[in-house]
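Contents: one structure, followed by commentary.
Rule-based calculations on the coordinates, nothing more; no lab input. It should be emphasised that the depicted structure is a prediction, and the values quoted were computed from it without experimental measurement. Methodologically, a virtual Cβ is constructed for each residue, glycine included, from the backbone with ideal geometry; neighbour enumeration extends over all protein chains shown.
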Amino acid sequence: MSMVSIESTSFTQNPLDILEEMVSANDWAFERASTDEMLVEVAGRWCNYRMFFFWQDEISAMQFCCQYDMKVPAGRAGAVHELLATINERMWLGHFDIDTEEQTPMFRHTTLLRGAQGASVEQLEDLVDIALTECERFYPAFQFVIWGGKTAPEAVSAAILDTVAEA
């Protein structure tokens, strides 16, 4: 299959400029290392999260990672990889992965913006909200596998246990 390339004169705005305003409005700590990279720190219910945003202008894509404040011990790596597969089957947007350098679990997603003028505030808010929601939802599952010795199915089942009523 061959693709025909057509010259495009559209300019895609760097979404990190919008993110910087959004992060400042939420009083989150952040560092803008360059025009193409941003690190944001957010306190969650279970732990602190580090969110990394990388803008690649050449392909109009923004890669986003939301990293847990936990490490995977070498002896539990296999069980955590099984957990990743189990969790990722349930994901509709993004996926969970392990940072190979730091051995930390993270949520990842890449947004393609080619042909768009840029990302909207709502899109970026949704991306951050979805990442934090999924990280909070599955944090207990990672803890159950890493420190509780549970299997991936047991951990996911316990982590997403929905309550029916209030006590």
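Residue separation of Cys47 and Ser120 scaled by 0.36 nm, minus their Cα-Cα distance, works out to 23.5 nm of gained length. Provide the FRET efficiency to the nearest 0.05 for the Ser157-Asp129 pair, computing r from the beta carbons and using R0 = 25 Å. Efficiency, rounded to the nearest 0.05: 0.50. Using Stokes-Einstein with the Kirkwood hydrodynamic radius over Cα pairs, what translational diffusion coefficient do you get for the chain at 25 °C and a viscosity of 0.890 mPa s, in µm²/s rounded to a whole number? In µm²/s, the coefficient rounds to 141.
The gain in end-to-end length when the Arg137 to Asp97 segment is fully stretched comes to 12.9 nm, 0.36 nm per residue minus the alpha carbon separation.
Taking only the Cα atoms of the range 62-124, the ratio Rg/Rh comes out at 1.08, with Rh defined as the Kirkwood radius.
In the chain, helices alone account for a calculated mean residue ellipticity at 222 nm of -11000 deg cm²/dmol, with every DSSP H run of four or more residues adding -39,500 (n - 2.57).
Think of each Lys and Arg Cβ as +1 and each Asp and Glu Cβ as -1; about the Cα centre, that makes the dipole of the chain roughly 640 debye. Angle of helix 15-25 to the longest C-alpha principal axis of the chain, folded into 0 to 90 degrees and rounded to 10: 60°.
Full extension of the chain between Thr110 and Ala29 gives 26.9 nm of extra length, using 0.36 nm per residue less the Cα-Cα distance. Between Ala158, Gly118, Met51, whose Cα lies farthest towards the positive end of the dipole of the chain when Lys and Arg beta carbons carry +1 and Asp and Glu beta carbons carry -1, centred on the Cα centre? It is Ala158. When only alpha carbons of the range 123-162 are considered, Rg and Dmax amount to 11.9, 38 Å.
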